[in-house]
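Derivation of every value follows stated rules applied to the coordinates shown; laboratory data play no part. Just so it is clear, the structure is predicted and the values come from calculations on it, not from any experiment. Cβ placement follows ideal geometry from the backbone for every residue including glycine, while neighbour counts extend to all protein chains displayed.
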């Protein structure tokens, strides 16, 4: 099948690539751009490990073709750190609050939480839990993920972050 | 999982999309959000050789008022429905339902048109559209026709849509001022289809039900409009005895499959429980 030319902005950089129409966005990111932060978990749009930010939406990149993302502006975990190399408040929150154990779900969690905080800078615990309901974690029981997102919301809102988790 | 190969088309008008569907034949499929179709393609349960992406057709987007109706473009996402102030004010059951569909990521991409048109009995919007007496606009090469949601569903994944037609919009009569509504859905977890779900829209006058419409999700090969149950309740005060009779009438039209969500008899009972809850919730929200 003939390849299609696509032009996508990924983590602030414009890329022009040829893709087969059937190439899923997750495969394009991981295999063609070598961005292996977004993970393939369930491969059936349930687990959220492949979540990336695309034109202001959190999307499961295993359930979209790269050609559908032509013209889009995408952010992955590789583009989350601040320009000076320091960690984004969410990354810092996940570290400080022990928001990860094996880490497999973390890139998807952070990208989803990023969009959640863009839409609601001061979410309640319930709003956070509802907001990340499309992301599965099999290690933490979610308690510390919620705390990590609360940490980031507080820090981004200029409030001194709460004490780190035990 | 990698889908079979296909050629990708991205029309910018309804006419162009319909022309492509017509000329490319049976192996061409329209794709909206793709959150039903792409998983099927990955499993090779669907292998279209041409995919016609409707994402760039501007005419298919947005929510607008048209006289006494609200017209929702087929490519409007569930996320957009949830955030529509017009819908929150005029047809709030759509927001309540949208929030129970899948998960946040899927709602950013999943569309109303895809949800109502693909004929999956697990989808939530079809029963709600039957409850609301919505009309689907379908466009094919011989022009536009309108199909009532209550006439649209023929079987699992089998609808009144002709080959080469696409649903372009859903036209919904604005619910009466002071109406009560509820969508109650039992599911095992976030992202699951309903074990059973019930949609209710009713109006009350002088303590009695003036009108009542009921839809049921995922308890038959198609979504169901429980017409008789609604008729039984009309004129009543929603007293326990009448509700019981109506629930029995609603349960009687179900024929769910026995599957991972439970045995058929259980799912029928759960449809009754969801309906009972939805009636109570709708009543509490209705003006007298």
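What distance in nm lies between label points placed 7 Å from Cα along the C-beta direction at residue B:252 and residue B:158?
Once both label points are built, they end up 2.6 nm from each other.
Based on other C-beta atoms within 10 Å, arrange B:100, B:202 from fewest to most.
With the sparsest Cβ surroundings first, the list reads B:100, B:202.
Suppose R0 equals 60 Å; then what is the FRET efficiency for residue A:5 and residue B:288 from their Cβ-Cβ distance, rounded to the nearest 0.05?
Efficiency at R0 = 60 Å is approximately 0.45.
Can you sort B:185, B:141, B:283 by how many other beta carbons sit within 10 Å, fewest first?
B:141, B:283, B:185
Compute the distance from the alpha-carbon center of region B:224-242 to that of region B:115-160, in whole Å.
Going from one Cα centre to the other spans 25 Å.
With a ≥ b ≥ c taken as the square roots of the eigenvalues of the C-alpha gyration tensor of the protein assembly as shown, please select rounded if a/c is under 1.5 and otherwise prolate if a/b is larger than b/c or oblate if it is not?
It is oblate, given that a/c is not under 1.5 and a/b is not larger than b/c.
Quick check on region B:1-155: take the gyration tensor over C-alpha atoms, sort the square-rooted eigenvalues as a ≥ b ≥ c, and tell me if it's rounded (a/c under 1.5), prolate or oblate.
Prolate shape, in that a/c is at least 1.5 and a/b is the bigger ratio.
Relative contact order (percent) for chain B, with alpha-carbon contacts under 8 angstrom and 6 or more residues of separation? Could you put the intermediate results ahead of the total?
Working: 658 pairs, mean separation 44.4, N = 288.
Relative contact order of chain B: 15 percent.
Below 8 Å between Cα atoms, with a sequence gap of 6+, how large is the relative contact order for region B:19-176 in percent?
Relative contact order comes out at 24 percent.
Treat the count of other C-beta atoms within 10 Å as a stand-in for reagent exposure and order A:159, B:57 from fewest to most.
A:159, B:57
Hey, what angle do you get for helix A:106-119 against the long axis of chain A, alpha-carbon based, 0 to 90 degrees rounded to 10?
Its long axis makes an angle of about 80 degrees.
Which of B:35, B:137, B:179 moves most in a GNM of chain B, Cα contacts under 10 Å?
B:35
Restricting to DSSP H runs of at least four residues, report the calculated mean residue ellipticity at 222 nm for the protein assembly as shown, -39500 (n - 2.57) per run over all residues, nearest 500 deg cm²/dmol. Could the numbers behind the result be given before it?
Values: 16 runs with 142 residues, N = 454.
The helix-only estimate for the protein assembly as shown comes to -9000 deg cm²/dmol at 222 nm.
To the nearest 10 degrees, how steeply does helix B:14-24 sit against the main Cα axis of chain B, on a 0 to 90 scale?
60
Would you look at the GNM of chain A, springs on alpha carbons closer than 10 Å, and say which of A:38, A:21, A:107 moves the most?
Sorting by GNM fluctuation, first place goes to A:21.
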